[in-house]
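K.L.:
Got a structure for you, questions after.
The values are calculated or read from the model by the stated rules, or taken from the named source; none is laboratory data. Computed from a prediction, not measured in an experiment: that's the story for all the values here. Positions of Cβ are generated from backbone atoms using ideal geometry, with glycine treated the same way; all protein chains shown enter the neighbour counts. Surface areas here come from the heavy atoms of the whole protein model, side chains and all, with no ligands, DNA or RNA. Shrake-Rupley method; radii C 1.70, N 1.55, O 1.52, S 1.80 Å.
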Amino acid sequence: DEEFDELCFEFGLELDEITSEKDIISKEKGEEKAKGASDVVLYKIDVPANRYDLLCLEGLVRGLQVFKERINLPKYEKIIPAEGEGQRLIITEQTAQIRPHAVAAVLRNITFTKDRYDSFIDLQEKLHQNICRKRALVAIGTHDLDTISGPFTFTAKAPSEIKFKPLNQSQEYTASQIMDLYRTDSHLRHYLHLIENKPRYPVIYDSNGVVLSMPPIINGDHTKISLNTRNVFVECTGTDITKAKIVLDIIVTMFSEYCEKPFTVEAAEVVYPNGKTHIYPELAYRTEKVKPEHINKKIGISETPSSLAKLLTRMCLKSHVTGNGNQIEIEIPPTRADIIHACDIVEDAAIAYGYNNIQMVIPKTYTIANQLPLNKLAELLRHDLAAAGFTEALTFALCSQEDIADKLGMDISATNAVRIANPKTAEFQVARTTLLPGLLKTIAANRKMPLPLKLFEISDIVVKDPNTDVGARNYRHLCAIYYNKSPGFEIIHGLLDRVMQVLEVPPNEENGYTIKAAEGTAFFPGRCAEVFAKGQSIGKLGVLHPDVITKFELTMPCSALEINIEPFV
């Protein structure tokens, strides 16, 4: 176990835990439920999300064997059948509105065992969750080719017109009935929304009208793969052609090792609505050239070009030195869709070299770090506010729409707030545009504490701003609140004077600060003032309106101050 853990680490993976089915069930459901479960040792391995080729045992073992230099990386080959003998998948224009892309391939004379079959199904499931984004981008269908006859047609029809027997069901249903059938299915109900409200559902037929599948929901029962299946037709339909090609490549490269001629895949022809044809799988090999000194410099090592080529070859990137030793030519196999840029190649060289073997050095550039001026100012103000007898609070940056609008007597559209598209709870619907609600909620949660309660917070608020690249902008605000039997406006006013004193801003109009009577929806009429400094309005202070206080479930009067501190940086 330790050796394997070590090997995984060297290969850039992590052996998460060593467990068994029995352990997993007893942890989740208690020992009673785990009685009949298997004791076979299971390795739980963390694979990086970009390495789709390591998501099944076949790919992982192959990768580790190449890494250990026990085998050479196999050459994946596509066999193009004689004219008129290959399988064809015809895409009709009806699919354009819903799932326009499809690719296909055939695994010939494959031999399944129980373990291989389970691994085959499991890989599809992992790809569905990962690169296929829960089947939204790509859906995979695998079929027993001997039960159907091509050419196949990928089209889209009204739900009432599609009728077939879904996988592992005993009778035929229409597409609408299938949707109802799987609405309660713990596994499939998550995919129904992808096509549910569309006027037509995608469907694949063979030349006799047998339904292969209704992607992305379910395959037909007729083409079900069993342990005796010898020829597998693989189709991937989707909304993203690049991802569909990658998924097809991964499936056929992983399982072609069980074909009679290992690592060969029979190509299929896809006919597009415009009459053009394309042969899949692409299984495209491509070469990249990288300079050895570039790799050495980026990693911080000094290896010879030939040893770098050897390191890369161990990572399934077959490499050799070209020219007079000043270039490494790397062949990127179709299994490595994650190699997009030279830096991906450098990373693999670093993994093969061993991160632990890279010497640590002090960076050559000598820099002195500085605190961000805004953070430094906020930190200094925090100390002074604490010295003035106020307690610091830290509240959530997200809040509900009521907190920043209704409860403060404003309309949500006037707040200019940034909304969360799919909030998990009602408490976190928008980013806060003021710090006041957070402090009022903090007081409401601490009503049992002795009066007076004096709280402050210096944090960011967020408002929409179409002029920035992200469409929103942060401002650093200071908010303080005084809660007692009397409103204590003079205490909050005194705090403002103290803040200005430590900021060295004098109380005058030319280059200092002033306060002017104003109205604010959250404040008591005639008990609110606007603060001006540096020639601009920086915030308000005043006694809160009784309605605001009661909406936050408080019972005593309360005064507050909120200003933007960014002009003082």
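K.L.:
Going 7 Å from the Cα of Thr174 along its beta-carbon direction, which residues of region 197-221 have the amide nitrogen within less than 16 Å of the resulting point?
P.N.:
It comes to 197-202, nothing else.
K.L.:
Right, next: Holding the Cα-Cα limit at 18 Å, pick out from Lys289/Lys310; Lys165/Lys243; Lys407/Lys516; Lys448/Lys485 the pairs that are longer than that. Each step should come with its number before you reach the end.
P.N.:
Working: Lys289/Lys310 15 Å; Lys165/Lys243 29 Å; Lys407/Lys516 25 Å; Lys448/Lys485 14 Å.
Table pairs above 18 Å Cα-Cα are Lys165/Lys243; Lys407/Lys516.
K.L.:
From largest to smallest, what semi-axes in whole angstrom does region 256-311 give when each is the square root of 5 times an eigenvalue of its alpha carbon gyration tensor? Display every interim value, and only then the final one.
P.N.:
Values: eigenvalues 317, 69, 10 Å².
Equivalent-ellipsoid dimensions as semi-axes: 40, 19, 7 Å.
K.L.:
Set the Förster distance to 45 Å, then compute FRET efficiency between Tyr43 and Asp469 from the Cβ-Cβ distance, nearest 0.05.
P.N.:
On the way: r = 44 Å, r/R0 = 0.99.
That gives a FRET efficiency of 0.50.
K.L.:
Could you pull out the pairs from Lys441/Lys551; Lys424/Lys551; Lys424/Lys464 whose alpha carbons sit more than 19 Å apart here? Mind showing how you got there, number by number?
P.N.:
Details: Lys441/Lys551 10 Å; Lys424/Lys551 23 Å; Lys424/Lys464 21 Å.
Too far apart for the 19 Å limit: Lys424/Lys551; Lys424/Lys464.
K.L.:
Additional query: Compactness ratio of region 290-357: Cα Rg over 2.2 N^0.38 Å, N = residue count? Provide the component values of the computation, followed by the final result.
P.N.:
Numbers: Rg = 10.8 Å, N = 68, 2.2 N^0.38 = 10.9 Å.
Expressed relative to 2.2 N^0.38 Å, the Cα Rg reads 0.99.
K.L.:
Further, regarding this structure: Taking each full run of DSSP H in the chain as one helix, which ones are at least 18 Å long along their axis (Cα atoms) and have mean Kyte-Doolittle hydropathy of at least 0.5?
P.N.:
Numbers: long enough: 114-129 (23 Å, -1.48); 241-255 (21 Å, 1.60); 373-387 (21 Å, 0.05); 489-502 (20 Å, 0.79).
Helices passing the filter in the chain: 241-255, 489-502.
K.L.:
Too long at a 20 Å Cα-Cα cut-off: which of Lys44/Lys75; Lys29/Lys126; Lys75/Lys291; Lys78/Lys245; Lys134/Lys198; Lys68/Lys114? Each step should come with its number before you reach the end.
P.N.:
Details: Lys44/Lys75 29 Å; Lys29/Lys126 24 Å; Lys75/Lys291 25 Å; Lys78/Lys245 14 Å; Lys134/Lys198 18 Å; Lys68/Lys114 28 Å.
Exceeds cut-off: Lys44/Lys75; Lys29/Lys126; Lys75/Lys291; Lys68/Lys114.
K.L.:
Shifting gears a bit: In whole Å, how far is the Cα centre of region 397-423 from that of region 31-86?
P.N.:
A separation of 49 Å, based on Cα centres.
K.L.:
On to the next question. Expressed as a fraction of 2.2 N^0.38 Å, the rule-of-thumb size for a compact globular protein of N residues, what is the C-alpha radius of gyration of region 179-296? Intermediate values should be presented prior to the final figure.
P.N.:
Values: Rg = 18.6 Å, N = 118, 2.2 N^0.38 = 13.5 Å.
Against the empirical 2.2 N^0.38 Å value, I get 1.38 for region 179-296.
K.L.:
Hey, for a label at Glu28 modelled as a point 7 Å past Cα toward Cβ, could you say which residues of region 187-202 have their backbone N under 13 Å away?
P.N.:
Backbone N within reach: 187.
K.L.:
Then there's this: Quick one: in region 373-568, what % of C-alpha pairs are over 28 Å apart?
P.N.:
Details: 4359 of 19110 pairs.
Within region 373-568, distances greater than 28 Å cover 23 percent of Cα pairs.
K.L.:
Give the Cα extents of region 1-112 along the principal axes, in whole Å, largest first.
P.N.:
57, 40, 29
K.L.:
Same structure again: If we restrict to alpha carbons, what Rg and Dmax does region 1-46 come to, in Å?
P.N.:
For region 1-46, the Cα-based Rg and Dmax read 12.8, 39 Å.
K.L.:
Need one number: nm distance between label points at Ser307 and Lys534, each 7 Å from Cα along Cα→Cβ, rounded to one decimal.
P.N.:
Rounded to a tenth, the inter-label distance reads 5.7 nm.
K.L.:
Only helical DSSP H runs with n ≥ 4 go in: add -39500 (n - 2.57) per run for the chain, normalise by residue count and round the 222 nm mean residue ellipticity to 500 deg cm²/dmol.
P.N.:
Values: 15 runs with 150 residues, N = 569.
So the calculated ellipticity at 222 nm is -7500 deg cm²/dmol.
K.L.:
Could I ask something else about it? For region 77-280, I need the span (max minus min coordinate) of the C-alpha atoms along each principal axis, in Å, sorted largest to smallest.
P.N.:
Principal axes ranked by extent give 43, 40, 31 Å for the Cα atoms.
K.L.:
Now for a separate question. Give the Debye-formula value of log10 I(q)/I(0) at each listed q (0.15, 0.22, 0.24 Å⁻¹), with one equal scatterer per alpha carbon of region 428-526, two decimals each.
P.N.:
-0.85, -1.32, -1.35
K.L.:
Please work out the FRET efficiency for the pair Lys276 and Glu85, using the Cβ-Cβ distance as r and a Förster radius of 25 Å; give the result to the nearest 0.05. Show your work: numbers first, answer last.
P.N.:
Working: r = 21 Å, r/R0 = 0.83.
Efficiency, from the Cβ-Cβ distance: 0.75.
K.L.:
Given q = 0.15, 0.22, 0.24 Å⁻¹, what are the Debye log10 I(q)/I(0) values for region 146-244, with equal point scatterers placed on the Cα positions and solvent ignored?
P.N.:
Calculated log10 I(q)/I(0) at the listed q: -0.61, -1.29, -1.46.
K.L.:
What is the list of residues in region 251-274 whose amide nitrogen lies under 16 Å from a point 7 angstrom out from the Cα of Lys126, following Cα to Cβ?
P.N.:
Within reach of a label on Lys126: 251-257.
K.L.:
State log₁₀ I(q)/I(0) for region 325-417 at q = 0.15, 0.26 Å⁻¹ as given by the Debye formula over alpha-carbon point scatterers of equal weight, solvent excluded.
P.N.:
Taken in order of the listed q values, log10 I(q)/I(0) reads -0.87, -1.24.
K.L.:
Arranged from highest to lowest average of other beta-carbon atoms within 10 Å per residue, in what order do the peptides 265-271, 8-14, 281-287 appear?
P.N.:
Going by the mean number of other Cβ atoms within 10 Å, highest first, we get 265-271, 8-14, 281-287.
K.L.:
Restricted to Cα positions, what overall size does region 365-452 have along the principal axes? Three whole-Å values, descending.
P.N.:
Reported extents, whole Å, longest axis first: 49, 43, 24.
K.L.:
Can I ask one more? Given that compact globular proteins tend to follow 2.2 N^0.38 Å, what is the ratio of the alpha-carbon Rg of region 506-569 to that value?
P.N.:
On the way: Rg = 13.4 Å, N = 64, 2.2 N^0.38 = 10.7 Å.
Expressed relative to 2.2 N^0.38 Å, the Cα Rg reads 1.26.
K.L.:
Would you give the gap between the C-alpha center of region 150-218 and the C-alpha center of region 487-504, rounded to a whole Å?
P.N.:
For region 150-218 versus region 487-504, the Cα centre distance is 69 Å.
K.L.:
For the chain, give the percent of accessible area contributed by carbon and sulfur heavy atoms, probe 1.4 Å, rounded to a whole number. Numbers along the way, then the final one.
P.N.:
Numbers: 15030 of 29530 Å².
The value for the chain is 51 percent carbon and sulfur by accessible area.
K.L.:
Would you mind working out the accessible area per residue for the chain, using a 1.4 Å probe, and quoting it in Å²? Could the numbers behind the result be given before it?
P.N.:
Numbers: 29530 Å² over 569 residues.
Result: 52 Å² per residue.
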